[in-house]
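Below is one structure, written out as structure tokens, with a few remarks after it.
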Amino acid sequence: MSATPRSSRLGAALLRVAPLGFALFVQATWLYSVLSYGDAMAVARRDWTIFWETGRHLVAGELDAIYPHAFDHGYLWLYPPYCIYLTAPLGLLAEPAAYGVCFGVELVAVVLALALLRASLPAHRRDHWTAAAVVLASMPFNTTVAMGQISGILTLILALAVHAWVRGRAFAAGLFVALLFLKPQIAGFVALAAILAREWRMVAGTVTGCVALVIASLPLGLARWTEYAATMQQYVAVVRDAGATFLAPIYHELTAVVCTSGTPRSHIGIVSREFQVPCVMGTTFAGGEPGNGDAVEVDCSGPEGIVRA
């Protein structure tokens with residue numbers, strides 16, 4: 001069997017790492033746009049901001065101010081009470097330093113997740129490197145890091161669960177699955193898969209972990225769980241602006257959108273269709289616009305949407 005020419009091997013290696021150049025370009029472009037703006041933090045404020053603000057409330061003892069009482073701004077704390085503890089270090093930092101920490105934590109979390117998956121899933125070394133390069137060059141990864149989203153940490157927790165399960169430590173894997181309940185829709189899917197597979201030790205670990213997390217959160221007060229439960233209700237956003245940028249961070253929390261201006265071809269109408277969120281445009285309220293907490297019924301079953309408030 002003839003050996004592969006050295007030039008071919010070098011070319012293949014370069015192709016595997018080439019996507020990293022794209023990742024560096026994306027992050028450099030983002031950093032330049034932040035630093036070139038007059039108020040750099042005004043540009044940089046994204047998902048990470050709510051972790052910093054929550055940390056500041058925790059450090060100041062303002063526990064009642066953590067959970068939103070109205071969906072009246074973009075970034076809201078919608079995580080279980082035990083997650084509040086994790087924001088404490090950010091509350092001690094200035095805003096730029098907090099952003100740097102969030103950026104670094106997400107980057108390290110994804111790299112560690114890739115390392116764990118490499119150790120857990122058998123494959124040729126070059127295949128692992130290729131997969132890692134593709135992940136690091138992907139827009140979801142770059143967006144997660146730049147905006148300080150929590151997806152990197154979720155990926156690391158899931159990788160820890162897979163690593164423990166592959167090593168035959170089902171109970172430990174269940175403990176990691178319990179941590180995933182900071183996003184119940186993800187953890188619920190994994191827990192259901194464990195039940196269907198009759199991985200009872202993993203299920204036991206998940207239950208044990210959830211109980212431990214709830215107990216750990218009790219010093220914050222039972223009121224935090226009541227407030228958290230309130231954030232899981234069905235919410236309808238009633239807005240005047242036909243642009244959708246300000247709603248983007250909470251679109252996944254909305255049941256419907258009602259806009260008093262624009263048309264179905266407006267930006268908010270297009271984005272709502274992409275998110276598969278019912279949207280009624282150009283709405284007029286005979287008795288005045290509903291306020292925060294008012295009941296609103298949206299019916300989009302017919303050719304024209306009907307809104308009852």
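What follows is calculated from the coordinates using simple rules that are stated; it is not laboratory data. The model shown is predicted, which means the values in this text are computed figures rather than measured ones. Cβ coordinates were reconstructed from backbone atoms using ideal geometry, including for glycine residues, and neighbour counts include every protein chain displayed.
Only the Cβ atoms of Lys and Arg (+1) and of Asp and Glu (-1) were treated as charged; on that basis the dipole of segment 12-219 about its Cα centre amounts to roughly 980 debye. Using r as the Cβ-Cβ distance of Ala204 and Ala230, and R0 as 30 Å, what FRET efficiency do you calculate, to the nearest 0.05? Calculated transfer efficiency: 0.50.
Of all stretches in the chain that contain no trypsin sites (Lys or Arg not before Pro) in a DSSP loop with at most 12 other Cβ atoms within 10 Å, the longest one is 1-166. If R0 is taken as 45 Å, the Cβ-Cβ distance between Leu31 and Ala193 corresponds to a FRET efficiency of 0.70.
Do the sum for the chain: with -39,500 (n - 2.57) for every DSSP H run of n ≥ 4, divided by all residues, what is the mean residue ellipticity at 222 nm, to the nearest 500 deg cm²/dmol?
On the way: 13 runs with 174 residues, N = 309.
It lands at -18000 deg cm²/dmol.
Between the helical axis of 6-35 and the longest alpha-carbon principal axis of the chain there is an angle of about 30 degrees.
Beta bridges assigned by DSSP with both partners in the chain are antiparallel in approximately 30 percent of cases. Here's the picture: charge each Lys and Arg Cβ at +1 and each Asp and Glu Cβ at -1 in segment 132-266, and of Ala194, Trp225, Ala256 the one pushed furthest to the positive end of that dipole is Ala194.
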